[in-house]
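Here is the structure we will look at, set down as structure tokens.
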Amino acid sequence: MKTYVLILSFAIVTNLLFGQPLPSEYFSFIKKADSLYKAKDYKNSALAYSSAFKSYGWKATPEDRYNAARSWALANNADSAFYCLERLVKKNLFTNSDRMVKEGDFNPLHSDKRWDSLLALLKDNKGFNFGFEKNINKGDLPIPWFQWGTHDYVFRVDSTVKHGGKYSMLMEPTEDITQKSFGCVAYAIPADYEGKEIEVKAYVKMENVERGIGLMLRIDGKELNKSLGFDNMMYKNIIGTKDWTLYSVKLLLPKEAVTIYIGTILSGTGKLWSDDFQVLIDGKDISETVLKKH
């Protein structure tokens with residue numbers, strides 16, 4: 001069991017978004033984009049960001065997408081800047097309206113009619129979707145939740161078995177799982193918050209679980225594929241059948257943190273339901289936490 005947990009932990013730490021290895025080209029282009037931005041070569045910085053996203057199937061971390069918008073805005077390409085920002089806001093991957101309003105790099109966008117519409121949309125994002133209650137599309141995970149891990153697990157919103165509200169998230173394996181298979185439903189949060197310690201809590205229900213479940217908390221900095229902090233609780237070897245139980249994981253929150261990932265993990269056979277996530281920073285709910293000054 002110890003060897004399996006180490007393998008599973010390594011798999012999660014070294015894979016980002018949808019369980020696919022992040023190509024080395026992505027990180028190289030991001031470094032190039034950052035250097036060009038500092039040199040005030042904003043057009044080529046923006047193009048380098050686009051090359052990074054293209055290398056990974058046009059996916060990106062929220063912070064990289066935000067920085068791409070900054071470069072596009074300063075390069076006087078409003079269409080591309082708004083594309084990046086609207087993508088973040090519509091997917092509820094960015095909720096820090098104060099940061100966006102005060103961002104000097106976006107000054108060229110203020111006279112565009114899309115700016116007020118973007119801020120209105122951002123204002124309408126009423127917090128985090130920690131209970132799987134919002135943005136539910138048939139056949140898809142509720143935005144901005146995503147699937148992490150191997151691709152032999154099925155995820156669906158469950159309206160019958162839930163801890164609170166109308167829905168929970170159910171995860172179960174297909175018949176194709178192997179010893180290295182694991183499924184994870186995950187949520188990425190920009191690390192825009194002041195504090196020294198972060199805690200994630202969630203209610204979990206399990207049925208006939210063979211190899212263990214985990215509550216995950218991972219903290220990433222600017223260097224991709226390298227975690228600043230990580231705990232998936234797998235070492236506790238929680239198996240079997242249990243009714244709704246509240247679990248908790250804590251980590252230090254480094255100042256250089258860029259993205260916070262939370263989620264639940266299932267390995268092996270069985271069913272796992274998760275619901276009512278809560279994120280606390282220094283004991284306060286994240287929605288009440290002071291934002292960083294950028």
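So what's the chain giving for Cα Rg divided by 2.2 N^0.38 Å, two decimals? Numbers along the way, then the final one.
Numbers: Rg = 19.4 Å, N = 294, 2.2 N^0.38 = 19.1 Å.
This ratio for the chain stands at 1.02.
Run the helix sum for the chain: -39,500 (n - 2.57) per DSSP H stretch of 4+ residues, divided by residue count, reported at 222 nm to the nearest 500 deg cm²/dmol. Walk me through the numbers on the way to the answer.
On the way: 7 runs with 85 residues, N = 294.
That comes out to -9000 deg cm²/dmol.
Compute the angle between helix 24-38 and the longest alpha-carbon principal axis of the chain, please, reported from 0 to 90 degrees and rounded to the nearest 10.
So the helix axis and the longest Cα principal axis differ by about 30 degrees.
In square angstrom, rounded to the nearest 10, how much accessible surface does residue 291 have for a 1.4 Å probe?
60 Å²
How much area per residue is accessible in the chain when the probe is 1.4 Å and only protein heavy atoms are counted (Å²)? The partial results should precede the final answer.
Working: 14080 Å² over 294 residues.
For the chain, the solvent-accessible area averages 48 Å² per residue.
Between 0 and 90 degrees, rounded to the nearest ten: what's the tilt of helix 62-74 against the longest Cα principal axis of the chain?
It is inclined by approximately 10 degrees.
Quick one: how many Å² of residue 287 are accessible to a 1.4 Å probe, rounded to 10?
Only protein atoms counted, so the area is about 90 Å².
Could you look at the chain and say what percent of its accessible area is carbon and sulfur, using a 1.4 Å probe and all protein chains? Don't jump to the answer; show the numbers that get you there.
Working: 7140 of 14080 Å².
With neighbouring chains kept in place, the figure for the chain is 51 percent.
Taking the 0 to 90 degree range and rounding to the nearest ten, how far is the long axis of helix 42-55 tilted relative to the main principal axis of the chain, both from C-alpha atoms?
30 degrees
Just want to confirm a number: the relative contact order over the chain, from Cα pairs under 8 angstrom separated by 6+ residues, in percent.
Values: 610 pairs, mean separation 53.8, N = 294.
Relative contact order here is 18 percent.
Roughly speaking, what is the stretch gain from residue 114 to residue 102, that is 0.36 nm per residue apart minus the C-alpha to C-alpha distance, in nm to one decimal?
Working: separation 12, 0.36 × 12 = 4.32 nm, distance 1.67 nm.
Length gained between residue 114 and residue 102: 2.7 nm.
Kindly provide log₁₀ I(q)/I(0) values, in the same order as q = 0.17, 0.24 Å⁻¹, from the Debye equation applied to equal alpha-carbon scatterers of segment 53-128.
Values returned for q = 0.17, 0.24 Å⁻¹ are -0.60, -1.17.
The values are calculated or read from the model by the stated rules, or taken from the named source; none is laboratory data. Note that the structure is predicted; figures quoted are calculated from it, not measured. Note: areas computed on protein heavy atoms with side chains; ligands, DNA, RNA excluded. Shrake-Rupley method; radii C 1.70, N 1.55, O 1.52, S 1.80 Å.
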